[in-house]
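Each reported figure results from applying straightforward, stated rules to the coordinates on display, with no laboratory input. Just so we're clear, the structure is a prediction, and the values are computed from it rather than from any experiment. Positions of Cβ are generated from backbone atoms using ideal geometry, with glycine treated the same way; all protein chains shown enter the neighbour counts.
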Amino acid sequence: MSNSLLIIDPQNDFASPEGALYVPGAKEDCKRLAAFVKNNTDKIDFVHVTLDCHPNYHIAHPYFWVDTEGNNPAPYTVITYNDYLEKKFLPVDLSLKRQVEDYLLSLENRGKYNLTIWPPHCLTATWGFCVEDNVWSAIHSWELKNVGKNIDFIKKAANPLTEHYSAIQAEVPDPTDPSTRTNFILIDKLKETDKIIVAGEALSHCVANTLRDLIVYIPAYKITVLSDCTSCVAGFEEAGNHFIEEFQSKGMQFEKTDNYKWD
């Protein structure tokens, strides 16, 4: 019996109250996750860690857009395809109008989220991009005690023209950019283990979308989400609750760290 731990975006910008996009509850999630890893180092065979890795100029950041008066939209502004058609918001770089129109239309046609403008976060090589200290200490300790095994870090979201909540693929994959298309390398690694334990941020977005994409390839019953090691973006709690209800019905398990049972 082999076990993989999949940690979604345990980064300072999400996990620290000083972070650019702090997820309420994430600080405590990280402490519980770190304790879980340290208490079960000998039972965890593989550790996979996904990392949001944004450029500053990104379609989901304010600097990408301007309104009719030339102002950047405030964080948490939602931009719809209709907003674009009515020219409420346009890209600063007008040469990208075609790509932007295609993107917004694709999001809505796929039934995905409307485009939310987030505070610039997890910018490459910044403090906010780095793994939260408690989680880093725990997984580094796991690495040292499992000689010959390295943490598998998976960077995502570097493409400036698409959001990339899921670690499996971008919201709207770019056919010219392999990093946005289905990550079969990660899927194949996870397929090799009997159980996949999942934690990280945020349940409403990156955790939910990663698992929605993952169960296309891996049965839901093989996955357990540590429910006390993941939280929702503020204002999106309903989306997180809906995800839990939907995926429990598919056979996915949700357990607190203290109740997790190893076979």
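What length, rounded to one decimal in nm, is gained on full extension from Ala239 through to Leu94, with 0.36 nm per residue of separation minus their alpha-carbon distance?
48.9 nm
Here the label points at Tyr76 and Glu18, each 7 Å from Cα along the C-beta direction, are separated by 2.3 nm in the simple model. Pairs from the list Lys156/Lys195; Lys87/Lys156; Lys195/Lys256; Lys38/Lys149 with a Cα-Cα gap above 21 Å: Lys156/Lys195; Lys87/Lys156. Here's the picture: charge each Lys and Arg Cβ at +1 and each Asp and Glu Cβ at -1 in the chain, and of Val198, Leu85, Asn159 the one pushed furthest to the positive end of that dipole is Val198.
Charged side chains reduced to their Cβ positions (Lys and Arg at +1, Asp and Glu at -1) give region 51-106 a dipole of some 80 debye around its Cα centre. Put simply, the amide H of Leu51, placed in the peptide plane, has neighbours under 5 Å in Asp9, Ile154, Lys155, Lys156, leaving out anything fewer than 5 places away on its chain.
When each of the peptides 15-22, 47-54 is scored by how many other beta carbons lie within 10 Å of its residues on average, the order from highest to lowest is 47-54, 15-22.
Residue separation times 0.36 nm, minus the C-alpha to C-alpha distance between Glu28 and Thr68: what's the value?
Value of the extension gain: 10.2 nm.
When DSSP beta bridges are restricted to pairs lying wholly in region 1-157, around 35% turn out antiparallel.
Taking label positions 7 Å along the Cα-Cβ direction at both Arg212 and Asp177, the computed distance is 2.0 nm, reported to one decimal. Using the Kirkwood radius built from alpha carbon pairs, what does the Stokes-Einstein equation give as D for the chain at 20 °C and 1.002 mPa s, in µm² per second? Calculated translational D: 113 µm²/s. Close amide H pairs (under 5 Å, H built 1.01 Å from N) link Phe254 with Val225, residues at least 5 positions away or on another chain.
The value of relative contact order for the chain, using C-alpha pairs under 8 Å at least six residues apart, is 26 percent.
Magnitude of the charge dipole for the chain, about its Cα centre and with charges confined to Cβ atoms of Lys, Arg (+1) and Asp, Glu (-1), is about 580 debye. Judged by the mean number of other Cβ atoms found within 10 Å, the most tightly packed of the peptides 89-101, 161-173 leads the ranking 161-173, 89-101. Here the scattering of region 140-263 is modelled by Debye summation over its C-alpha atoms, one equal scatterer each and no solvent; at q = 0.21 Å⁻¹ the log10 of I(q)/I(0) is -1.36.
Ser106 to Glu255: FRET efficiency via 1/(1 + (r/R0)^6), r the Cβ-Cβ distance, R0 25 Å, to the nearest 0.05?
Efficiency for this residue pair is about 0.10.
Annotation: amide H of Val66 within the under-5 Å range of Leu90, Val92, sequence separation 5 or more or interchain, hydrogens built in the peptide plane.
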